[in-house]
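S.K.: Sharing a structure, written as C-alpha cells. Questions coming.
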Amino acid sequence: MKHFLDLLGQGAENARDLVRLATRLEQTPEPTALAGKVLGLIFMNPSLRTLASFQAGMARLGGNSFVITPQGSWQLEFETGVPMTGNAAEHVREAIPVLASYADALGIRAFAGGKDLDADLAEPVLSAVAEVCPVPLINLESAFDHPCQALADWKTLDDLGVPAAGGRFVLSWAQHPKPLPQAVPAAVLRMAAMRGMDVTVLRPDGFGLPQPIMDEAAAAARASGGTVTQTSDRASAMDGAHVLYAKSWTATDHYGDPAAEAALRAGLEGWTVEEDWFGPAAPDCGFMHCLPVRREVVVSADVLEGPRSRVIAQARNRMYAQMAVLHRLLAKGEN
Amino acid sequence: MKHFLDLLGQGAENARDLVRLATRLEQTPEPTALAGKVLGLIFMNPSLRTLASFQAGMARLGGNSFVITPQGSWQLEFETGVPMTGNAAEHVREAIPVLASYADALGIRAFAGGKDLDADLAEPVLSAVAEVCPVPLINLESAFDHPCQALADWKTLDDLGVPAAGGRFVLSWAQHPKPLPQAVPAAVLRMAAMRGMDVTVLRPDGFGLPQPIMDEAAAAARASGGTVTQTSDRASAMDGAHVLYAKSWTATDHYGDPAAEAALRAGLEGWTVEEDWFGPAAPDCGFMHCLPVRREVVVSADVLEGPRSRVIAQARNRMYAQMAVLHRLLAKGEN
Amino acid sequence: MKHFLDLLGQGAENARDLVRLATRLEQTPEPTALAGKVLGLIFMNPSLRTLASFQAGMARLGGNSFVITPQGSWQLEFETGVPMTGNAAEHVREAIPVLASYADALGIRAFAGGKDLDADLAEPVLSAVAEVCPVPLINLESAFDHPCQALADWKTLDDLGVPAAGGRFVLSWAQHPKPLPQAVPAAVLRMAAMRGMDVTVLRPDGFGLPQPIMDEAAAAARASGGTVTQTSDRASAMDGAHVLYAKSWTATDHYGDPAAEAALRAGLEGWTVEEDWFGPAAPDCGFMHCLPVRREVVVSADVLEGPRSRVIAQARNRMYAQMAVLHRLLAKGEN
C-alpha cells in the first residue's frame, strides 16, 4: 500500500484487514509504533473530526504531525500550463514535494470545485497531488471520496454486528439549507457495496448520484455478492433496513447551477429523518451520519440522540480507522 | 476531581493542593507523567497565553495536544430545540462527545455573549459543553470565570509571600477603549476571597461586579476568614494594600447596552494605574494584571515594567498551574 | 550562540560548522537530542515551509512546538511610548517574555513594513523582540534577512559541489505581479559573499539592493576572498555562472511608493527566467529559488521542473539547517 486515496482501490480483502487492524489498535495500544514519524496534514477546507482524529491518532502511535491551512499559508495553484498571475502564490508541484521532504506521509483535504461534474469526477486536485507526492498520501476528503470515513463506517457496521451478506443498508438523501458535496455519499455507497450489503440509495428525483459512481458501486456489489438499487420511495427502501445512513448532497441534475439546484431542493421539506421513517418495517434499524449534521433539518434531535443513533461511534472509529491506515503506511515491517 | 470548571467549586483545601502541586512540577519536572495522553483545546475566542501554556505544559508532562478554532473548523450551535438553518454546521452535543472520543481531556474557551447579564451568569456555553463531555473538561475562560488564571494568581501570591490572613488585595477597574468581559475580575475576586485575604473592589459607580458574583465572594471570604468590600475611593482602597490587581471590565449597570456603557466609560480617564496610585500608604504594593494589557490606557509603562510588576510571573505561573490541573485530572493514581 | 538572528553575525567559521552539523543530522538522526524541549513559533505573516520544517525538525529531534498566529491571537504592538488605544491588544514587551516563559526557544516571522526603507533596514520588529527575549530567538524571516533560508542554501551549494572560491553565483531579479520584500535576496547575497563566491546581482535599473546591504556583502566578500558586483546586463552576468538564484523584490528606488514601483515593474516582462538565459556560456548552471515561486512569471515551468532546478533540495535543506540551529541553541553540552 503506497497511498490511501480511495477504499475501492484497496480491494475488499485489504479493507477487511484494515478494519481488523483498527480494532486491534483500539483494543491494544501501540504507543511507540510510529515513534519518530511525522505526518503533514494539508487542509484546503475546514475540518473538526479529521484534524483532531489524525493528530490524536498519530500521537497515540508515538508520532507527530503538523497542519497547513490556507489561513496560515497562501493559496495553491493546481492547474498546469497557466501563468501564475492570480492569487495563488505557489504551485502544488512545488508545495507537495517540499512538504513531503519534511514528513513521512501527507494527507490532503480538497473539496469538489462544484461547478463541473465531469471535472470533479476526475479528482483533479487529488490527482495533481498524488502525481507529485513521493511519500504515502492519504485522502482526507476529495471531490468524490472520503475513504477514511468509509473505512471507519465499515468498522462501525462490524462493531454493531450488521451482517455483510444480507445486510440491508439505506443511504438516504436529506434536506439542507445549502448544496453539499457528494464525497461522503459516494464513499459510503461504494463501501457498503464492497462490504457485500444490499444497498438502496433513497433520494428525490434529480438527486441520484452520478452514473460513474453508481457503476463503480454496482461492480463492487457484483464482486462481493451485494446489490445496489435506487428509489425515491421511502417505504420500500426502509422495509427491513438494518441501517439508515442519512446525508444531504447537491442535486446531480443541476450540478454547478445553484439557482436551479436551490429550486429543486426547496420543495423537499419532508426529507428530514424522523422517528416515523423507521416504523414497524425497520424497528431495530440504526441511524448513521458522518457529521457535522444539522438538527431538525437533516434529522430530528430525538433520532440523533436516541437509541438508534450510531453517530458518535462512527466518529470515534475515524481515529482507529486512520491509525490503521497510518500503521499500514508507516510502521516498520508492515508494508 | 472530574472537571475543572471553576476554582470555587474545588474548595480551598483542594485549591491549595493544586498550588502545591504546581510548585512541585515547577521545581521537579515530570517529563513522562502524561505519556500517551492527548489534550483537545477548543478556542471559540482568541488566545495567546492559554494556547501556548497548555500546549507547552502538556508537552513538558510528556503528552500531546490538538487545537480546534473557528477559523479552521466551523461555527457550533449551543442552543437546543432550534432547527439549525443558520450558520452553525454542528451542534455542541455532537462536537464535544466526538472530540472527547479522541482526547483524554478537553478544554474550552467561550467568552460571554455580552448581551444579557443573567443569561451570561448562567454560563450557557460552558454548561452545555460540560453536560455532554464524558472526559475531564477544563474551563479556558468562560462568561464569568477563568479558573486557570485564578489558580496561577494564587500561586503568584504565594510565591511573593503575600499573606493569606491579613493580606490586603485590591482589585481595581481600569480604563479601556472597549467594553471587556468580566470573567477575569470575577475569577480573581473569588480566588482572593477564598485565599482568606481582605479584598477591596475599587471601581467607578456603575462598574460594581454583579451581585451573584459579589455574594459568592463574600461567602468564600466568610469561610476562609477574609473580607470583601467595594468602593470608588482610591485612597481608602490603597491604604496598606499588598497587591493592586488591575483589570478593565464592562459596566454591569449597562450590560448589553454598548452606547450607554461607552458614555459611562468616556469620563473615566483618571482610571489608568500610575505610580502615584501607590504613594506612601502602599509603598511595597505589587502590581498584577492577567494580560493582555494596553499600556498608557490600563496602566503606565513605568508601573508595568517597574519593580512592582508581577505580570510576567503571573503569566509564567499559568503553565505550572495548568500542569497541576492536567496532572490531577489525568496522571495515573492521582484521581 | 545565544540568538540566531542573522547569518553574517555568526561569522563564516560558525556558519560552516552549522552546515556540517546540518549534514550530520541529515545522515545520522538524533531522535532524543531535544527531548523535553519546547519551541514557540510566532508567525506575524503566512508560512508554509517554515512552519512545517520547524515543527517537523523539532519533532525529529524529540522536542515539541507550538504556533502563535494573528488569526488565533490578536494584534501586537511593537512601538514603545505610544498609548495603546488602537487595534493592538498586547505589547511585544509583555508577549515575548510570556511566551519565552513557556518555551526553551522562540522563533518569530515579521516581514518589512514596506513603507520606509531606512526604518525597515533597522529591523524594528526583530530588534524589539530580541531586546526582551530571555531565551534563544530564531529569525524566521524579518525585514531584511532570512538566515534559515541562507543557511539551507549554503548547505545546498555544498551538497551540489559548487566551489566556494571561484564559484560564480548570480542573484537575479525576476518579474512578479506584486512588490515583494527584499529579505531573501538580502540574505542570499550576504551568504554567497560570506561563502567566498564571486557574486553578481543581476537586476533592472532601479532594483539595485539597498546600499547598506551591498556594503555588508562587499565586506563579507573581502573577508572570505569573494567578490560582489552588480549589473543589468544578463549576458555578462551569466557568463560561466555555476548557479542562477532567481527572486523578485520591490524596487529600492521607489520603496514605499507602490504606484511608481508598479510603473517601473510594468515594462520588465523579459525578466522571466527561461532556458535561453543559460545558453552556451553557462551550460551546467543550476537554478535556485527559495519558493514560493510563480510559474511562467518568475521562471518557466520547464526550467523549474528541469534538470537545472535545485528548488526542492533547497527547501528540504531548510529542515536540516534549522535542526542544526535548534541543536546548537538547545542541545546539552553544545553551547
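Coordinate-derived values only; no laboratory data. None of these values were measured; they are calculated from a predicted model. Using ideal geometry, Cβ is built from the backbone for each residue, glycine included, and neighbour counts are taken over all protein chains shown.
S.K.: Report the convex hull volume per residue for region A:229-335, counting only C-alpha atoms, in Å³. Before the final figure, lay out the partial values.
M.R.: Values: hull volume 17.7 nm³, N = 107.
With only Cα atoms used, region A:229-335 gives 165 Å³ per residue.
S.K.: Count the lysine pairs in chain B whose Cα atoms lie under 28 Å apart, taking only pairs 8 or more positions apart in sequence or on different chains.
M.R.: Going through chain B pair by pair, I get 10.
S.K.: Give the span of region A:196-289's Cα atoms along each principal axis, as three whole-Å numbers ordered largest to smallest.
M.R.: Per principal axis, max minus min of the Cα coordinates gives 38, 34, 20 Å.
S.K.: Could you give the size of the charge dipole of region B:149-314 about its Cα centre, using +1 on the Cβ of each K and R and -1 on the Cβ of each D and E, expressed in debye and rounded to the nearest 20?
M.R.: With only Lys, Arg, Asp and Glu charged at Cβ, the dipole is about 380 debye.
S.K.: Continuing with the same structure: Sorted from largest down, give the three principal axis spans of the alpha carbons of region A:49-100, whole angstrom values.
M.R.: Computed over region A:49-100, the largest-to-smallest principal extents equal 43, 20, 14 Å.
S.K.: As a check on your grasp of the helix formula, calculate [θ] at 222 nm for chain A: sum -39500 (n - 2.57) over DSSP H runs of n ≥ 4, divide by the residue count, round to the nearest 500.
M.R.: That comes out to -12000 deg cm²/dmol.
S.K.: Note the per residue figure in Å³ for the convex hull of the C-alpha positions in region C:198-241.
M.R.: Taking only Cα atoms, region C:198-241 has a hull volume of 54 Å³ per residue.
S.K.: Could you give the C-alpha radius of gyration of chain A expressed as a fraction of 2.2 N^0.38 Å, taking N as the number of residues it contains?
M.R.: Computed over Cα atoms of chain A, the ratio equals 0.98.
S.K.: Quick query: amide H of B:Phe4 versus all other amide H atoms, modeled in the peptide plane; which residues come in under 5 Å with a sequence gap of 5 or more or a different chain?
M.R.: B:Leu137, B:Ile138, B:Asn139
S.K.: Per residue, what volume in Å³ does the Cα convex hull of region B:1-64 take up?
M.R.: Convex hull of Cα atoms, per residue: 107 Å³.
S.K.: Related question: What full-extension length gain, to one decimal in nm, is calculated for B:Asp257 and B:Thr229 as 0.36 nm per residue of separation minus the Cα-Cα distance?
M.R.: Going from the current span to full extension adds 7.4 nm.
S.K.: What area, in nm² and to one decimal, does the C-alpha convex hull of region C:149-314 cast on average over all directions?
M.R.: 8.4
S.K.: Here's something else I'd like to know. Could you give the dipole magnitude of region B:279-335 about its Cα centre, charging the beta-carbon of Lys and Arg +1 and that of Asp and Glu -1, in debye to the nearest 20?
M.R.: Values: 8 positive and 5 negative charges, 58 e Å.
Result for region B:279-335 is approximately 280 debye, rounded to the nearest 20.
S.K.: Please go through region A:124-224 and write out the chymotrypsin sites (Phe, Trp or Tyr not before Pro) that DSSP classes as loop and that have at most 16 other C-beta atoms within 10 Å. Display every interim value, and only then the final one.
M.R.: Working: sites: A:Phe144, A:Trp154, A:Phe169, A:Trp173, A:Phe207; in loops: A:Phe144, A:Phe207.
Sparse-neighbourhood loop chymotrypsin sites (Phe, Trp or Tyr not before Pro): none present.
S.K.: Please turn the phi angles of region B:26-31 into ³J(HN,Hα) values with the Karplus equation 6.51 cos²θ - 1.76 cosθ + 1.60 (θ = phi - 60°), one per residue in order, whole Hz, x for glycine and proline.
M.R.: Computed from phi, the couplings for region B:26-31 are 5, 8, 10, x, 10, x Hz.
S.K.: Kindly give the distances from B:Pro258 to its copy-mates, label point to label point, with each label point 7 Å from Cα along Cα→Cβ, as nm values to one decimal ordered shortest first.
M.R.: Taking the point 7 Å beyond Cα along Cα→Cβ, the inter-copy spacings are 2.7, 2.7 nm.
S.K.: Considering the rotational relationship between chains A and C, which residue of chain A contributes the beta-carbon of minimal distance to the axis, and what is that distance to the nearest Å?
M.R.: Axis-proximal residue of A, distance in whole Å: A:Gln71, 3.
S.K.: Short version: ³J(HN,Hα) in whole Hz for each residue of region C:261-266, in order, from phi by Karplus 6.51 cos²θ - 1.76 cosθ + 1.60 (θ = phi - 60°), x for Gly and Pro, what are they?
M.R.: Once rounded to whole Hz, the list reads 5, 5, 4, 5, 5, 4.
S.K.: Please work out the ratio of the alpha-carbon Rg of the protein assembly as shown to 2.2 N^0.38 Å and round it to two decimals.
M.R.: On the way: Rg = 30.4 Å, N = 1005, 2.2 N^0.38 = 30.4 Å.
With N residues counted in the protein assembly as shown, Rg over 2.2 N^0.38 Å equals 1.00.
S.K.: Which distances in nm, rounded to one decimal and ordered from shortest, link the label point of C:Gly270 to the equivalent label points in the other identical copies, with labels set 7 Å from Cα toward Cβ?
M.R.: 7.3, 7.3
S.K.: Here's a follow-up. Return, for the Cα atoms of region A:99-150, the radius of gyration and Dmax in Å, separated by a comma.
M.R.: So, for region A:99-150, Rg and Dmax equal 11.5, 34 Å respectively.
S.K.: Further question: Can you list residues whose amide H is under 5 Å from C:Lys37's amide H, if they're 5+ apart or on another chain and H is modeled 1.01 Å from N?
M.R.: Under 5 Å from the amide H of C:Lys37: C:Asn64.
S.K.: With +1 assigned to the C-beta of every Lys and Arg and -1 to the C-beta of every Asp and Glu, and no other charges, what is the dipole magnitude of chain C about the Cα centre in debye, to the nearest 20?
M.R.: 980
S.K.: Along each of the three principal axes of the Cα atoms of region B:6-149, give the extent in whole Å, ordering the values from largest to smallest.
M.R.: 52, 31, 27
S.K.: So what J values fall out for region A:216-232 if you push phi through Karplus, 6.51 cos²θ - 1.76 cosθ + 1.60 with θ = phi - 60°, rounded to Hz, Gly and Pro as x?
M.R.: Ordered by residue, 3J(HN,Hα) equals 5, 5, 4, 5, 5, 5, 4, 5, 9, x, x, 9, 10, 9, 9, 7, 10 Hz.
S.K.: Going 7 Å from Cα along the Cα-Cβ axis for the label, what nanometre distances separate A:Ala223 from the same residue across the other copies?
M.R.: List, nearest first: 6.5, 6.5 nm.
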